[in-house]
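The values are calculated or read from the model by the stated rules, or taken from the named source; none is laboratory data. For clarity, every value in this text was computed on a predicted model and none was experimentally measured. Ideal geometry is used to build each Cβ from the backbone, glycine not excepted, and the neighbour counts take in all protein chains shown.
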Amino acid sequence: MNIQENISLKDYNTFGIDVKARFFIEINGLAQLQKVLELKAYPDKFILSGGSNILLTNDIEALVMHINLKGITVVEEDEEEVEIKVMAGENWHELVLWSLDKGYGGLENLSLIPGSVGTAPIQNIGAYGVELKDVFVGCTAMELESGELIAFDYEACQFGYRDSIFKNEAKGKYIITSVTLKLTKRDHVLNTGYGAIETELKKNGIVYPTIHDISKAVIAIRQSKLPDPKKIGNSGSFFKNPVVTKKVYEKLKKTHPEAPSYEVDKDHVKIPAGWLIEQCGFKGKRYGNAGVHDKQALVLVNHGNALGGEILELAQLIHQEVDKKFKIRIHPEVNIIK
Ligand code: EPU
C-alpha cells in the first residue's frame, strides 16, 4: 500500500491552495479502495477527486484518498441512444470531448467544466441550460463504513439546483465510483436557448448548429468570462444564485429595475449572485492574494499564494455586504473544508 506522507495538495485543487495532506494515497482500483477503507491505522479518511469544487483552509490530518479510477464503457446501445458507464476519476471535459468525437449528444452544453466525473452528481453540475441530471441514469458509490458498492438511480440522487443527496443525508458516507449517462446518437436535443449561446452562434453565422458548434460556443463563452484554473486558481462560481420569492424580486425591482432574474417556478426567481456582488462593488477587487474575478463577480480567485482562510474571509465579507445592501443571503456552492 503506497501511502505517501506530507504531500502538498496545491496541484490537486483548482483554487491552487497550498495545504498538506499528512497521509496521501492514489486510488486506482475498486479492490484497492476497499482495502484502504479497511485500514484501521487511518480511521479518518478524506476523499479528493477533481478538486474543482473545494476550498481547503487547513492541512489535512486524515488519509487523503485521491480517486483516480479510470475507464469508459458502453453499457448498451441501440440506433438512437447509448448508455455509457464512466469511472469517477475520468476528467469531465475529456469525457465531453470523447462523446463529441463519437458523435454522441447531451454533454455539449457542459463543455469545459473543471473537475472529474465522480463529483459531477454531487453538485449536479450545470451550465447554459443543461444539468447533469438531464443525461443521468445512475451512479455507483462505495459506502465508507462497509466497503459495499451501492447503486443510486436517478430518483435516489434527489437532484436539485447544484444539489443532490450527496450534499445532504448521504454527505461523507460514500465515494462515487462510477456514473452512468444516457446520450443520443441521432436527433440530438439541442439547447441553444441560453442568450449567450444564441449570440455566439449568430456571431459565427451558424443557423443550424451541430453538437460540435454548441460545444465550441460554450467553450468560447466560458473562456471569455471564467478564469482558467491552470493560470489563476479558482473554483468556478463560489456562490449559488439565490432563489427568492417573486415578492422579494418585485421589491428589488423598485430600487433596481435592471436587476436580472431567471424564472424558477410561478412563485420564485433566481437572481444572479454575480450581479448582486457586482452591485456591492466587489468585481475585480483584490484583497491581498484573494480577489473577485474582473469578468464574473461570482468567481473568487487566488492571485498567488492565497491561504484558504483569505478566500474564506473575502467570501464572508461578500456575504455580509450583499445581505446588508439587498437583504438577500447568498450561500457558497463550493465545499469549504475547515
Ligand atoms: N452578472 C453580472 N455581473 C457579474 C456576473 C453576472 O451582472 O459579474 C449578471 C449578468 O446579468 C448576467 C447574469 O448575471 O447576464 C448571469 O451571468 P452568467 O450567464 O455568467 O451566469 P451565472 O448565473 O452567473 C451560472 C452558473 C455557472 C454557469 C452559468 C451559465 C451558478 C452558481 N453558476 O452562472 O456555473 O456556467 O450560469 O449557465 O449557477 C459553476 O457552477 O461553477 C459555474 C460556472
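Structural remarks
- Of all residues in the stretch 279-299, those that are more than 16 Å from residue 241 (Cα to Cα) have Cβ atoms under 6 Å from Cβ atoms of residues that are part of a loop (DSSP other than H, G, I, E, B) and more than 13 Å from the ligand (Cβ to nearest atom), 6 or more apart or on another chain, in 289/303; 289/304; 289/305; 289/306; 290/306; 291/303.
- The stretch 265-277 residues that are under 11 Å from residue 237 (Cβ atoms), paired with ones that are small (Gly, Ala, Ser) and modelled with pLDDT of 95 or more (beta carbon under 6 Å, 6 or more apart): 274/297; 277/297
Residues are listed down the side, and each one gets a yes or a no for (1) assigned by TED's automatic domain parsing to the domain that holds residue 113; (2) charged (D, E, K, R); (3) part of a strand (DSSP E or B):
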position: 24; (1), (2), (3): no, no, yes
position: 31; (1), (2), (3): no, no, no
position: 35; (1), (2), (3): no, yes, no
position: 40; (1), (2), (3): no, yes, no
position: 46; (1), (2), (3): no, no, yes
position: 50; (1), (2), (3): no, no, no
position: 55; (1), (2), (3): no, no, yes
position: 58; (1), (2), (3): no, no, no
position: 63; (1), (2), (3): no, no, yes
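- Enumeration of residues in the stretch 101-124 that are more than 17 Å from residue 229 (Cα to Cα) and part of a loop (DSSP other than H, G, I, E, B): 103, 104, 106, 107, 120, 121, 122, 123, 124
- Here the stretch 246-293 is the region considered, the condition is being polar (S, T, N, Q) and surrounded by fewer than 17 Cβ atoms within 10 Å (Cβ to Cβ), and the residue that is nearest to the ligand (Cβ to nearest atom) is 255.
- Test result for residue 45, within 24 Å of residue 120 (Cβ to Cβ), under 22 Å from the mean Cα position of the chain (by Cα) and surrounded by fewer than 17 Cβ atoms within 10 Å (Cβ to Cβ): no
- Scope the stretch 240-290; condition within 24 Å of residue 314 (Cβ to Cβ), among the β-branched types (Val, Ile, Thr) and part of a loop (DSSP other than H, G, I, E, B); matching residues: 271
- Qualifying residue in the stretch 62-70 (condition: out of contact with any Phe, Trp or Tyr (no Cβ under 7 Å at 6 or more places or on another chain) and farther than 21 Å from residue 174 by Cβ): no
- Any hit, the stretch 213-228, residues being in contact (Cβ under 8 Å) with a residue 60 or more places away in the chain, within 14 Å of the ligand (Cβ to nearest atom), in a loop (DSSP other than H, G, I, E, B) and among the polar types (S, T, N, Q): no
- Only one entry of 245, 199, 192 meets the criterion of being more than 30 Å from residue 10 (Cα to Cα), polar (S, T, N, Q) and within 23 Å of the chain's Cα centre (by Cα), and that entry is 192.
- Residue in the stretch 141-159 that is within 16 Å of the ligand (Cβ to nearest atom), free of Cβ contacts under 8 Å to residues at least 60 places away in the same chain and not assigned by TED's automatic domain parsing to the domain that holds residue 34 present: yes
- Which listed residue, of 97, 112, is under 14 Å from the mean Cα position of the chain (by Cα) and more than 21 Å from residue 157 (Cβ to Cβ): 112
Listed here are the residues, each with its yes/no results for (1) crowded, with 19+ Cβ neighbours inside 10 Å; (2) small (Gly, Ala, Ser).
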{"site": "140", "(1), (2)": "yes, no"}
{"site": "153", "(1), (2)": "no, no"}
{"site": "158", "(1), (2)": "no, no"}
{"site": "161", "(1), (2)": "no, no"}
{"site": "164", "(1), (2)": "yes, yes"}
{"site": "173", "(1), (2)": "no, no"}
{"site": "186", "(1), (2)": "no, no"}
{"site": "195", "(1), (2)": "no, yes"}
{"site": "208", "(1), (2)": "no, no"}
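- Conditions (1) under 28 Å from residue 230 (Cβ atoms); (2) in contact (Cβ under 8 Å) with a residue 24 or more places away in the chain; (3) among the aliphatic types (A, V, I, L, M); (4) away from the ligand (no atom under 13 Å from the Cβ): number failed by residue 130: (4)
- Only one of 201, 181 that is outside any loop (DSSP other than H, G, I, E, B), away from the ligand (no atom under 16 Å from the Cβ) and aliphatic (A, V, I, L, M): 181
- From the options 124, 191, residue that is at positive phi, touching a residue at least 24 places away in the same chain (Cβ under 8 Å), not assigned by TED's automatic domain parsing to the domain that holds residue 28 and not aliphatic (A, V, I, L, M): 124
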